[in-house]
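So the structure is just underneath, and the comments pick up after that.
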Amino acid sequence: LMPHIGEKAEVVGNRGVAQSVTPTGSAFSYTAPANGIIILSGGTVSIIEYGRGASFYVVGLLAGSFAVVRGDTIRITYAIVPTMTFLPN
């Protein structure tokens with residue numbers, strides 16, 4: 001059912017449960033097992049890179065949320081371990 005103009009579209013479905021990710025060594029790479037969002041906060045991060053295929057791109061932030069599709073990689077370089085969470089769609 002499509003919403004009418006001005007109505008809020010609401011997504012109802014079986015979304016996955018948040019998954020805590022524990023970075024193990026700097027630089028740490030996490031490859032998304034499904035489409036979703038990676039949330040990164042805290043710690044002492046010096047660089048975050050977004051990877052798709054063989055290419056990586058510096059995101060210009062030291063924390064935040066990053067939309068990913070299955071197979072995308074987030075690579076973080078840090079001195080103090082940040083908190084990382086994956087929220088699958």
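The values are calculated or read from the model by the stated rules, or taken from the named source; none is laboratory data. Note that the structure is predicted; figures quoted are calculated from it, not measured. Ideal geometry is used to build each Cβ from the backbone, glycine not excepted, and the neighbour counts take in all protein chains shown. Note: areas computed on protein heavy atoms with side chains; ligands, DNA, RNA excluded. Shrake-Rupley method; radii C 1.70, N 1.55, O 1.52, S 1.80 Å.
Give the stretch 47-89 a look and list any residue that's among the polar types (S, T, N, Q) and either over 19 Å from P23 (Cβ atoms) or under 11 Å from the mean Cα position of the chain (by Cα) (or both), or say none.
S55, S65, T73, T85, N89
Inspect the stretch 5-14 for any residue being modelled with pLDDT of 95 or more and open to solvent by less than 80 Å² (accessible area, probe 1.4 Å) and give the result as yes or no. Can you show your working first?
Start the filter on the stretch 5-14 by keeping residues that are modelled with pLDDT of 95 or more, which leaves none.
Among the residues of the stretch 5-14, not one is modelled with pLDDT of 95 or more and open to solvent by less than 80 Å² (accessible area, probe 1.4 Å), which makes the answer no.
Could you tell me whether the stretch 46-58 includes any residue that is open to solvent by 70 Å² or more (accessible area, probe 1.4 Å), at pLDDT below 95 and among the aliphatic types (A, V, I, L, M)?
yes
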